[in-house]
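Following: one structure in structure tokens, then a few remarks.
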Amino acid sequence: MNLELEGKVVVITGGASGIGRATALGAAREGAKLALIDQSDAKSVAGEIADLGGEALALGCDIRDAATVEATMARIVERFGGMDVLVNSAGAAGSVRKPVIETSDATWDLTIETNLRGTFNLCRAALPALREREGTIINIASELGLIGTANLVVYGASKAGVINFTRGLAVEEGEYGVRVNCVCPGPVDTPFVHHKPGAPKNAPAAATIMGRMGEPEEIADVILFLASPRASYMTGAIVVADGGATAH
């Protein structure tokens, strides 16, 4: 399917693995130019994109630090001349499988600072460039931001914040032509999910109606649709792609 992303500048955080990587490769196949932001080394993914005949810039960045984020966005705009799409896919598991009573201040800070403040930092820094091109933002939250789940309270709270931040930002940016939407994935077969300490091995798949985990490419397809002109009438939307996990 032609998503009309040819030549568009797409910025993806968490681009070194999982959903971010799948989204980057999918965008490259559509002809987009990529900027990959990750604390890990995203150069290998940039290399994969080069092998596809695409163009990608890999940048290290701590999204919790506003000054670093501002400098990173400026470098991207300088390199590509502008920005069309921002995908906020980077995240921290933080309080995974810990009840609130056992959660440290450090865990709370890491989770909220990465998932919520990081999203805020990136959106704020990208908005001037996105307004110039009437671009779009896709924030990645989680189905756990829509429901209450024991031992995942802090993570769920951070993602619930991302969901409402998305809605509010969509209202603010409507007059500038910037669309802002959110994707809430369910259990997806990524290193992020498998590295959650204490998680029962088959629990994520068992929680879905489909009886399986999602693939990163399945979430990437949703993200790329929202990034494209095909979703031109969508803003402030919360799109749930969770295999039916929140349906029962």
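The values are calculated or read from the model by the stated rules, or taken from the named source; none is laboratory data. Remember, it's a predicted structure, so these values are computed and weren't measured experimentally. Here Cβ is always computed from backbone atoms with ideal geometry, including for glycine, and neighbour counts include all displayed protein chains.
What number of residues in the stretch 130-166 are small (Gly, Ala, Ser), surrounded by fewer than 23 Cβ atoms within 10 Å (Cβ to Cβ) and touching a residue at least 60 places away in the same chain (Cβ under 8 Å)?
Going through the stretch 130-166 one residue at a time, the tally reaches 0.
List the number of the failed condition for residue 183; all other conditions in (1) modelled with pLDDT of 95 or more; (2) farther than 20 Å from residue 19 by Cα; (3) not polar (S, T, N, Q) hold.
Just one mismatch for residue 183, condition (2).
Scanning the stretch 47-77 for residues that are under 17 Å from residue 89 (Cα atoms) and among the charged types (D, E, K, R), which turns out farthest from the chain's Cα centre (by Cα)?
It comes out as 65.
Could you check, for the stretch 221-235, whether at least one of its residues is over 21 Å from residue 169 (Cβ atoms) and crowded, with 21+ Cβ neighbours inside 10 Å?
No, the stretch 221-235 contains no residue that is over 21 Å from residue 169 (Cβ atoms) and crowded, with 21+ Cβ neighbours inside 10 Å.
Quick one: would you say residue 78 is among the acidic types (Asp, Glu) and in contact (Cβ under 8 Å) with a residue 40 or more places away in the chain?
no
Kindly list the number of the only condition in (1) of a type in the set (A, V, I, L, M); (2) farther than 20 Å from residue 9 by Cα; (3) modelled with pLDDT of 95 or more that fails for residue 59.
Answer for residue 59: the failing condition is (2).
Test residue 21 against the criterion of being surrounded by fewer than 24 Cβ atoms within 10 Å (Cβ to Cβ) and modelled with pLDDT of 95 or more, and give yes or no.
no
Given the criteria in contact with a Pro (Cβ under 8 Å, 6 or more places away or on another chain) and among the basic types (Lys, Arg), does residue 21 qualify?
Working: in contact with a Pro (Cβ under 8 Å, 6 or more places away or on another chain): yes; among the basic types (Lys, Arg): yes.
Answer is yes for this residue.
Any idea how many residues of the stretch 200-248 are modelled with pLDDT of 95 or more, among the β-branched types (Val, Ile, Thr) and in a loop (DSSP other than H, G, I, E, B)?
Residues meeting the conditions: 1.
With respect to residue 68, determine if the residue is touching a Gly at 6+ places or on another chain (Cβ under 8 Å), assigned to a helix (DSSP H, G or I), closer than 28 Å to residue 157 by Cα and of a type in the set (Ser, Thr, Tyr).
Spelling it out, it is not the case that residue 68 is touching a Gly at 6+ places or on another chain (Cβ under 8 Å), assigned to a helix (DSSP H, G or I), closer than 28 Å to residue 157 by Cα and of a type in the set (Ser, Thr, Tyr).
Which one of these does residue 114 not meet: (1) modelled with pLDDT under 95; (2) among the hydroxyl-bearing types (Ser, Thr, Tyr); (3) buried (at least 18 other Cβ atoms within 10 Å of the Cβ)?
In the conditions (1) modelled with pLDDT under 95; (2) among the hydroxyl-bearing types (Ser, Thr, Tyr); (3) buried (at least 18 other Cβ atoms within 10 Å of the Cβ), residue 114 misses (1) alone.
Which pairs do you get when a residue that is under 16 Å from residue 22 (Cα atoms), found in the stretch 84-95, comes within reach of a residue that is of a type in the set (Lys, Arg) and at pLDDT 95 or above, reach meaning Cβ atoms under 7 angstrom, with the pair 6+ apart or on two chains?
85/8
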